[in-house]
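Any read-out appearing in this document is the output of simple, stated calculations on the displayed coordinates, not a laboratory observation. Please read all numbers here as calculations on a predicted model, not as lab measurements. Using ideal geometry, Cβ is built from the backbone for each residue, glycine included, and neighbour counts are taken over all protein chains shown.
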Amino acid sequence: MSTTMVPQGKHVAYDPITGDYAAYYDGQLLGYRPTRSEAEELTNQYVYDLFRHGHPMPAGELGGAAMTSYLCYADRPASVVYLLHFEAPISPRHTCQHYLGFARAKDFGPRLEEHRRGRGARLTQVAYQRGIGFTLARVWYGDRTFERRLKRRKMAPRMCPICTGKRNLQAIDDLL
């Protein structure tokens, strides 16, 4: 199994699955932006805060909604967007097999438990009622805008590492 190494220092990479640019600093994902220049601006702001204050600034102090997926402190994101992969399609006529959701990082575990017990989103409630389990397939650092962008693409099977055969459990386990 090969893993992609992210260079040290500032780095911006295009993600062909989401169509966005991922911003990194020293291998740490800072967030996604729709354009390369916005992703570079995110890394520049991160480095500026790091050198000026000795740590990244909290998202609320950055001034502007453009920085909402910027990591608040160290390696913990403010919020995550996640992809659930159902073990089977919801019904023979409705072939949906994925759910894309959003949660604050601190509420991520409890939110998954709500889904697992049939008390989360309507789609996961239906899956629970029909005895269809799910697996947490992928997690991104991001805000509700990023979640909406992914949902509008309607490409969950292509973003799902289980469907494409590229599952990385280590990255998911690090968030839990």
How long is the gain from Thr145 to Asp15 if the chain were fully straight, where each residue apart is worth 0.36 nm and the alpha carbon distance is subtracted? 45.1 nm
Assuming R0 = 22 Å, what is the FRET efficiency of Ile90 and Arg153, from their Cβ-Cβ distance, to the nearest 0.05? 0.65
Where labels lie 7 Å past Cα in the beta-carbon direction, separation of Cys163 and Gln129 in nm: 2.4 nm
Among Thr164, Thr124, rank each residue by its count of other Cβ atoms within 10 Å, from fewest to most, as a rough exposure measure. Thr164, Thr124
For Ala78, residues with placed amide H under 5 Å, excluding near neighbours: Cys72
Around Glu40, with a cut-off of 9 angstrom between Cβ atoms, what is the net charge of the other residues, counting Lys and Arg +1 and Asp and Glu -1? +1
